[in-house]
């Protein structure tokens, strides 16, 4: 059952929001071993289901990453440090609720959304629904797991350096990192306030589009425009670096895009090799600054990996952020020119499928690399330039999902989701579901 | 125990952290030093590329 189908059925009163919320709450309990949720708002959600506004998401159960404030529910950021009970919703949550959505709970994340594995030492790892011994990716790993295992009809994640796209690809669901500035970040625990973006993770591009309509009034969907005549640039260096089986899936997806009428050609993205360094130079000092009061008083309470990154940000020379900011302008300007002949850029969303929990390295291009470092080239360029990127499922390697990334021009989410939707109308990768516990969702 | 150069780098990092009111452990400093040993040369190279791009 997609979010789009739920919207239709709830609007036609084929079933009630309370019925739908009850089914999802049962599934959350039955699949507690996935550790997708940090807190569950069972009583509140059932009560709210009785009195949701008659908006476009009337009665639809959603869940949000636990760095995003929901009034009256503790925000932990999967940390030992944060226990904020916010008096008001983050704007993103307020907009979903104003559209009629019901918030089921808060989802697991990498500690303070500052990492790619969602293996918080304080709340435990989120488990990939396709193989419980594997990571979900991160930092919005709980959002990826919940969307994949039907533990919410739609979810919110945040993305600084890939945190929506990584779990979407590794969990076999659809996620959209919107343009910087499209969805307000207030009420969201920051990583890097000039790079952070809040966005949806759900089953399909159509579902993400419905969520984005509520999140961003400026967004005008154009899902049925098709791919005819669309100019798509393939970022070949990112295809060449992938695990061969993942690369083969991406090539098949490109063939499908061509069949659907797109013109796919090679795109040259200048200085793409520098994007990771630039992003680190911007992000690390901003994160350290945001955490400085806690670094002074609660340093030992951070997990080791997050503590190291925050301290690195604190101890970089002051010139690092300046170099990063100048580098960002340089890279973004050159990228804009390189983007000119295209409507979209594409590449494999990630170079590998989800590795086992506890495995720090992956093999890419014959090299053993830290998982975190292997992902940087796939995520940093577009985050730096503030562009919208969707990750859509494009197949499986040994039972584990892989994704294709579609990158758009700034504030052109409509073309990104239009292409994703056209691809998903022609394929069924996004409809595949892992085996989960509990009563399956009714067909409704 | 690290080499004398490593120990000296970590001592410098400790003093920089202390001036900002932060007190990392020896293990923290060793991890940060290893992290920065990768990032700082990349930043130097980036600064050089930016300078070239301006000329």
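Here, each number is a calculation from the coordinates, and none is a lab measurement. Everything numeric in this text was worked out from a predicted model, so none of it was measured. All Cβ positions, even for glycine, are placed from backbone atoms using ideal geometry, and neighbour counts span all protein chains on display.
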Selection count where residues are more than 15 Å from the chain's Cα centre (by Cα) and more than 9 Å from chain A (Cβ to nearest Cβ), scope segment B:25-53: 3
Count, please, the residues in segment A:193-215 that happen to be buried (at least 21 other Cβ atoms within 10 Å of the Cβ), part of a loop (DSSP other than H, G, I, E, B) and in contact (Cβ under 8 Å) with a residue 40 or more places away in the chain. 3
Check segment A:89-99 and report whether any residue there is buried (at least 24 other Cβ atoms within 10 Å of the Cβ) and closer than 24 Å to residue A:372 by Cβ. no
Would it be correct to say that residue A:236 is under 30 Å from residue A:325 (Cβ atoms), over 21 Å from the mean Cα position of the chain (by Cα) and surrounded by fewer than 15 Cβ atoms within 10 Å (Cβ to Cβ)? yes
Search result, residues across segment B:5-24 that are more than 8 Å from chain A (Cβ to nearest Cβ) and either under 21 Å from residue A:304 (Cα atoms) or part of a loop (DSSP other than H, G, I, E, B) (or both): B:6, B:7, B:9, B:10, B:11, B:12, B:14, B:15, B:18
Condition check for residue A:253: over 20 Å from residue A:193 (Cβ atoms) and either away from chain B (no Cβ under 14 Å) or assigned to a helix (DSSP H, G or I) (or both): yes
